[in-house]
1. If you take the beta carbon distance between Ile83 and Ser4 as r and set R0 to 30 Å, what does 1/(1 + (r/R0)^6) give as a FRET efficiency, to the nearest 0.05?
2. Measuring with a 1.4 Å probe in the full set of protein chains, what accessible area per residue, in whole Å², belongs to segment 8-97?
3. Just checking my list (i) 16.3; (ii) 14.5; (iii) 13.8 against Kirkwood radius over Cα pairs in Å computed from this structure; which label fits?
4. Under the 0.36 nm per residue contour assumption, what length would be gained going from the current alpha-carbon distance of Arg110 and Asp47 to full extension?
5. Compute a Gaussian network model of the chain, connecting alpha carbons closer than 10 Å, and tell me which residue from Leu41, Leu66, Leu27 fluctuates the most.
6. Hey, any idea what % of segment 62-115's accessible area is carbon plus sulfur with a 1.4 Å probe?
7. Over the chain, with a Gaussian network built from C-alpha contacts below 10 Å, which listed residue (Ser101, Ser78, Ser34) shows the highest mean-square fluctuation?
8. Between Ala54 and Phe91, what is 0.36 nm times their sequence separation minus the Cα-Cα distance? Round to one decimal in nm.
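The values are calculated or read from the model by the stated rules, or taken from the named source; none is laboratory data. Quick caveat, the model's predicted, so the values are computed rather than measured. A quick note on method: Cβ atoms are made from the backbone with ideal geometry, for glycine too, and the neighbour counts reach across all protein chains shown. The accessibility values were calculated without ligands, DNA or RNA, using every heavy atom of the protein model including side chains. Shrake-Rupley method; radii C 1.70, N 1.55, O 1.52, S 1.80 Å.
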Amino acid sequence: MNTSPFVLPLLGGLTLGLGALWLLYSLGRVAGISGIAWGALAGPDRDWRWRFFAGLLGGGIVTHWLLKLPLPAESATSVGLLISSGLLVGFGTRFGGGCTSGHGVCGIGRRSPRS
């Protein structure tokens, strides 16, 4: 696919924003990924959260397949470093009340003072 370098990121951002808006209007929930992930593991209303993650994964796979994008190169980073990094990010998002992407995508649009 031969497009200018800003078209695909622009379409991705628009799709992400529309998805966040849809979740807010349909369920009254904010599309903060760290909160959704925590609720999928420990929350009482897990069904929509797992469907949300399935949609994220499925949407990425379908888009990757439709645009015939190459697979990314395999990482040479050790598994232990990846796991410890993920745990630190998870701790930081719980400690900080959400991740920066959630505050950027959802909080600023709702004019949240914390964001």
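1. On the way: r = 38 Å, r/R0 = 1.27.
Efficiency at R0 = 30 Å is approximately 0.20.
2. Details: 6960 Å² over 90 residues.
Value for segment 8-97: 77 Å² per residue.
3. (i)
4. Details: separation 63, 0.36 × 63 = 22.68 nm, distance 2.50 nm.
Fully extending the segment from Arg110 to Asp47 adds 20.2 nm.
5. Among Leu41, Leu66, Leu27, the largest GNM mean-square fluctuation belongs to Leu66.
6. On the way: 3100 of 4540 Å².
Using a 1.4 Å probe with all protein chains present, segment 62-115 comes out at 68 percent carbon and sulfur.
7. Of the options given, Ser78 has the highest mean-square fluctuation.
8. Details: separation 37, 0.36 × 37 = 13.32 nm, distance 2.34 nm.
Going from the current span to full extension adds 11.0 nm.
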